[in-house]
1. Looking at the structure I just gave you, is K97 among the basic types (K, R), under 18 Å from I29 (Cβ atoms) and assigned by TED's automatic domain parsing to the domain that holds S32?
2. In the stretch 39-71, how many residues are part of a helix (DSSP H, G or I) and not hydrophobic (A, V, I, L, M, F, W, C)?
3. If I filter the stretch 101-116 for residues that are basic (K, R) and touching a strand residue (DSSP E or B) at 6+ places or on another chain (Cβ under 7 Å), do I get at least one hit?
4. Restricting to the stretch 13-58, name every residue that is without any contact (Cβ under 8 Å) to a residue 24 or more places away in the chain, over 23 Å from Y102 (Cβ atoms) and surrounded by 16 or more Cβ atoms within 10 Å (Cβ to Cβ).
5. Would the stretch 135-147 turn up any residue that is in a helix (DSSP H, G or I) and outside the structural domain of R17 (by TED's automatic domain parsing)?
6. In the stretch 103-112, is there at least one residue being modelled with pLDDT under 80, hydrophobic (A, V, I, L, M, F, W, C) and not in a helix (DSSP H, G or I)?
7. Return the residues of the stretch 41-54 that are touching a Phe, Trp or Tyr at 6+ places or on another chain (Cβ under 9 Å) and either within 17 Å of P104 (Cα to Cα) or not hydroxyl-bearing (S, T, Y) (or both); say none if nothing qualifies.
8. Evaluate the stretch 22-38: report whether one residue or more is closer than 18 Å to S91 by Cα, in the same structural domain as Q96 (by TED's automatic domain parsing), modelled with pLDDT under 95 and part of a loop (DSSP other than H, G, I, E, B).
Amino acid sequence: MSVTQRISRARKELLSRYATAAVFLYGVIEVSEFVEVFNFFEGKKTDAQEINLALERLAKTDDVEYSLFGDLILGPSFLPECPEDLENAKSVRAEQKGKPRYLPEKDEFLSYANGDYREPEQPYADLKAYILKNKLTSRGEGISGIDGDLIDLHEMIQSGVNTN
């Protein structure tokens, strides 16, 4: 692909959505591996040149959750301008080497593009079922109901908020 080739806005956004999902799921991914992931899910294939060009262009005009550094696509917790973060990213890559890559169904993979997405876990499902079965809430399911309450509770626990 030529550097002067035009990439449609829709195509750049699609590639960016996949890149965002990939970095939230994996933390760090090499461009060549990202090409494999994208091509696994999409009919219109891509290559490393299109990835680099599209993601760099979109990062200049949009607020994105990833950054490019060499042959790596980094998640938002890694800042390319920070040498310590780059070392941490390289350490993550070293730990990932040789391990099989988790590839959920396409819809679930793309759910990771939302930084707040969490893969459903059995303890969460059990707690939610218990609360609903025992009618410990009248708010019902969904983000404005029990799911929202459990997300709020999870965030309070993570941040160490004292509710007393």
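1. yes
2. Here the count works out to 8.
3. Within the stretch 101-116 (the criterion being basic (K, R) and touching a strand residue (DSSP E or B) at 6+ places or on another chain (Cβ under 7 Å)), the answer is no, since none of the residues qualifies.
4. Of everything in the stretch 13-58, just one residue is without any contact (Cβ under 8 Å) to a residue 24 or more places away in the chain, over 23 Å from Y102 (Cβ atoms) and surrounded by 16 or more Cβ atoms within 10 Å (Cβ to Cβ), namely N52.
5. yes
6. Residues of the stretch 103-112 modelled with pLDDT under 80: none.
No, that holds for no residue.
7. Within the stretch 41-54, F41, E42, K45, A48, I51 meet the criteria.
8. yes
The values are calculated or read from the model by the stated rules, or taken from the named source; none is laboratory data. In this text, all values refer to a predicted model and were calculated from it rather than measured experimentally. So basically every Cβ, Gly included, is an ideal-geometry build from the backbone, and we count neighbours across all protein chains shown.
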